[in-house]
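This is the structure, below, for whatever I ask next.
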Amino acid sequence: MFNRIHDWIKGVLVKMGLATELQSVTDHKKVMADDTQYGLIAKWFSIYQSTPEWLKIHKKLPDDSYLDRQKMSLNMGQVAAKKMASLVFNQKAVITVSPKNAKNPDDPSSPEDYQTVENQFVQQTLKDNHFYNNFERYLEYMFATGGIVIRLYTDRGKVKIRFATADAFYPITSDANGVSEAVIASKFMSDSHYYTLLEWHEETDTDYVVTNEVYKSTTNSNDDLGVKIDDWSNLPDAFKNMSPQPTRYSKKLYSRPTFIYIKAKFS
């Protein structure tokens, strides 16, 4: 499954011209992932699913026939990833936000911080997005495949938190603070049609820019991106609150992009 996902993303990027661009970008931009990296992601995910190649037995018998069978697995890949995720973060964790006018924001939080407007807003946002459950679950995927992405956006006046796994995230450029530009790819199905959403996160000298592009296809082929949709009025409800117009986030108000890339590091 993971190989099919990677092949589809690669096909999307080639058709968009991104793959060619990535091979000829200026020196200060770095390609953060290539075929080798996605090959490793596929390998790690197979271990997590207990379907690695080394569990497959192909043995020649004395009568020149072959025996094909699958070894039993203890599923330790998933067990280890789940254990690491629960050690790093679980539902007993407490997140608090210091008030905006705090004398020293680096000081430990206090019981009074729970009553501030800033903290109550954050707590409600985390609750609305089931953050404590979802974050631990996606940390498990992170330890299994190397990384995850947290995407922040607004919908009907509320802050939403969406996660993306390593297979759906294609880093484009990086700086001293980490990944600064990327493409997040998603796929939807509605009324026998397949929709591909490409979420472009780019930056200029003054803004972080998020641009959504939607493609429609009648097949689920990995290399069939389909036709770009210019008229969004008839798109399924999944795209109802999105816009084809670029959304700009001024760097005067935003110190970082609207996504957070978290990479698992092992020493």
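Per 0.36 nm of contour for each residue apart, how much would the distance between ASN234 and ASN134 grow if the chain were fully extended, relative to their Cα-Cα spacing?
Details: separation 100, 0.36 × 100 = 36.00 nm, distance 3.12 nm.
Gain on extension, ASN234 to ASN134, equals 32.9 nm.
Go ahead and run the numbers for FRET between PHE188 and SER73, Cβ-Cβ distance against an R0 of 45 Å, rounding to 0.05.
0.90
Next question, about the same structure. Find how much the distance from TYR66 to GLN124 grows on full extension, using 0.36 nm per residue of separation minus their present alpha carbon separation; answer in nm with one decimal. Before the final figure, lay out each step's value.
Working: separation 58, 0.36 × 58 = 20.88 nm, distance 5.99 nm.
Separation in residues times 0.36 nm, less the Cα-Cα distance, equals 14.9 nm.
Now a separate question. Given a cut-off of 23 Å, name the pairs among LYS83/LYS263; LYS59/LYS83; LYS59/LYS82 whose C-alpha atoms lie farther apart than that in the structure shown. All intermediate terms of the calculation are to be shown ahead of the outcome.
Details: LYS83/LYS263 17 Å; LYS59/LYS83 35 Å; LYS59/LYS82 34 Å.
Checking Cα-Cα distances, LYS59/LYS83; LYS59/LYS82 exceed 23 Å.
Next up: So for each of 201-210, 236-245, 178-187 I average, over its residues, the number of other beta carbons within 10 Å; can you give me the resulting order with the highest mean first?
On the way: 201-210: 15.8, 236-245: 12.4, 178-187: 18.6.
By packing density, highest mean first, the sequence is 178-187, 201-210, 236-245.
Whole-Å semi-axes of segment 188-267's equivalent ellipsoid, largest first, each the root of 5 times a Cα gyration tensor eigenvalue?
Numbers: eigenvalues 163, 72, 22 Å².
Gyration-tensor ellipsoid for segment 188-267: 29, 19, 11 Å.
Can you tell me the length gained on complete extension of the stretch LEU87 to LYS263, counting 0.36 nm per residue apart and subtracting the Cα distance? Walk me through the intermediate numbers first.
On the way: separation 176, 0.36 × 176 = 63.36 nm, distance 1.62 nm.
Answer, rounded to one decimal: 61.7 nm.
I would also like to ask the following. Would you kindly calculate the translational diffusion coefficient of segment 137-185, applying Stokes-Einstein with the Kirkwood radius from alpha carbon pairs, for 25 °C and a viscosity of 0.890 mPa s, and quote it in µm² s⁻¹ without decimals?
205
Readers should treat all values here as calculations from the given coordinates under stated rules, not as data from a laboratory. Computed from a predicted structure; not experimentally measured. With ideal geometry, Cβ positions are generated from the backbone for all residues, glycine too; neighbour counts draw on all protein chains shown.
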